[in-house]
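The values are calculated or read from the model by the stated rules, or taken from the named source; none is laboratory data. These figures come from a predicted structure and were not determined experimentally. Neighbour counts run over all protein chains shown; Cβ positions are idealised from the backbone, glycine included. For the accessible areas, the whole protein counts, side chains as well, though only heavy atoms, and no ligand, DNA or RNA atoms are used. Shrake-Rupley method; radii C 1.70, N 1.55, O 1.52, S 1.80 Å.
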Amino acid sequence: MATPSSTPSPATPDRAASFGLVAEDYGRLRPAPQDEAIDWMLPEHPSAVLDLAAGAGTLTTLLPSRVPEVHAVEPDDRMRAVLAARLPDADVRAGTAEAIPLPDASVDAVIVASAWHWFDTDRAVPEIARVLRPGGRLGIVWNGIDSGVDWVGRWSSRLGDSGGRPAGPGHFARRGELLRAALETPGSPFGALEHAAFTTTRRTTPTDAAALLGTYSRVILLPAEERRALQDRARQALCAEHGIGPDDAFDLPFRALTWRTTRR
Ligand SMILES: C[S@@+](CC[C@H](N)C(=O)[O-])C[C@H]1O[C@@H](n2cnc3c(N)ncnc32)[C@H](O)[C@@H]1O
């Protein structure tokens, strides 16, 4: 895994740009939201969809089977390189949510996965509205380890306070508030938000689950020694919880929290 050359404070904007430091691991380890969550966000029979802040293509790779025309926009060169290698035929462009390199009214849906919280929404909301056709869909999802499952809560509490713990329910409730504040405003180009949650499990190993924690920005930016210690604790605690070895398989629960709204 690539390691950050410095350790900026997690409060700096460097967090939004940290993912490229682990782009290969990110592409290998981060699971996409399950099919039901993706289908819930997309409109029926879309002809063109934009995966905005597409990262290493975790969700983008699931779009070509659903949509004839797939566009992906991602600012980080290293993340984009992993995405382009996974989907050589996709239209992958450098850009941001605040300056989307697509024409007006050119897509039926914009999907944002685990990235909305990095956007300057005063600029991103009108920009997303600009590229959507009237009646087009904005779908937003955060997909993460399901800390509401009992044993995950126990595991999480053994990880210490270094920022590597799976996010709790309070954290996700705040995501909803963030969206309502940005999208349900007077004069908003979007209609009311709808919300749904989808749970699943993913077969993985304690080694890969510990490595997965290393793809979250707070952990990416930890000093290398702290990051290793956190990942060692995570792996050992998973082995103890399940009575398995580091490379034995177990089911890790995930929860995808989704929102959708329609361009007026
Ligand atoms: C947690 S990753 C999510 C990537 C991908 N959507 C996924 O589900 O795996 C967040 C991504 O947002 C990108 N990003 C950060 N700020 C952004 C912005 N202002 N506009 C667009 N993308 C941004 C980062 O480069 C990173 O690839």
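Remarks
- Where a residue in segment 93-104 is farther than 10 Å from GLU74 by Cα and its partner, wherever it lies, is near the ligand (Cβ under 10 Å from one of its atoms) and open to solvent by 50 Å² or more (accessible area, probe 1.4 Å), with Cβ under 7 Å and at least six apart: GLU98/ASP120; GLU98/ARG123
- Selection status of THR207, in a helix (DSSP H, G or I) and either within 16 Å of the ligand (Cβ to nearest atom) or more than 23 Å from GLU44 (Cβ to Cβ) (or both): yes
- Matching residues, segment 98-120, being more than 10 Å from the ligand (Cβ to nearest atom) and either of a type in the set (A, V, I, L, M) or open to solvent by less than 60 Å² (accessible area, probe 1.4 Å) (or both): PRO101, LEU102, ALA105, SER106, VAL107, ASP108, ALA109, VAL110
- When segment 61-74 is limited to residues that are of a type outside the set (A, V, I, L, M) and farther than 12 Å from VAL92 by Cβ, the one that is surrounded by the fewest Cβ atoms within 10 Å (Cβ to Cβ) turns out to be SER65.
- Matching residues, segment 27-41, being open to solvent by less than 30 Å² (accessible area, probe 1.4 Å) and either away from the ligand (no atom under 15 Å from the Cβ) or in a helix (DSSP H, G or I) (or both): GLY27, LEU29, ALA37, ILE38, MET41
- Residues in segment 169-216 that are among the basic types (Lys, Arg) and within 18 Å of the chain's Cα centre (by Cα): ARG174, ARG175, ARG202.
- Within segment 198-221, residues that are of a type in the set (S, T, N, Q) and open to solvent by 10 Å² or more (accessible area, probe 1.4 Å) sit with their Cβ atoms under 6 Å from residues that are within 15 Å of the ligand (Cβ to nearest atom) and assigned to a strand (DSSP E or B), at 6+ positions apart or across chains, in these pairs: THR199/ARG255; THR200/PHE254.
- Per the conditions (1) in a loop (DSSP other than H, G, I, E, B); (2) within 23 Å of GLN231 (Cβ to Cβ); (3) more than 16 Å from the chain's Cα centre (by Cα), the sole criterion not satisfied by PRO166 is (3).
- Residue in segment 239-259 that is assigned to a helix (DSSP H, G or I) and in contact with a Lys or Arg (Cβ under 6 Å, 6 or more places away or on another chain) present: no
Each row is one residue, and each column tells you yes or no for (1) at pLDDT 95 or above; (2) more than 30 Å from ARG264 (Cα to Cα); (3) away from the ligand (no atom under 16 Å from the Cβ); (4) not aliphatic (A, V, I, L, M).
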position	(1), (2), (3), (4)
TRP142	yes, no, no, yes
TRP151	yes, yes, yes, yes
PRO166	no, yes, no, yes
PRO169	no, yes, yes, yes
THR201	yes, yes, yes, yes
LEU212	yes, yes, no, no
ALA237	yes, yes, yes, no
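- Residue count for segment 126-154, restricted to those that are open to solvent by less than 10 Å² (accessible area, probe 1.4 Å) and part of a helix (DSSP H, G or I): 4.
- Here ALA182 meets each of (1) within 16 Å of the ligand (Cβ to nearest atom); (2) outside any helix (DSSP H, G or I) with one exception, condition (2).
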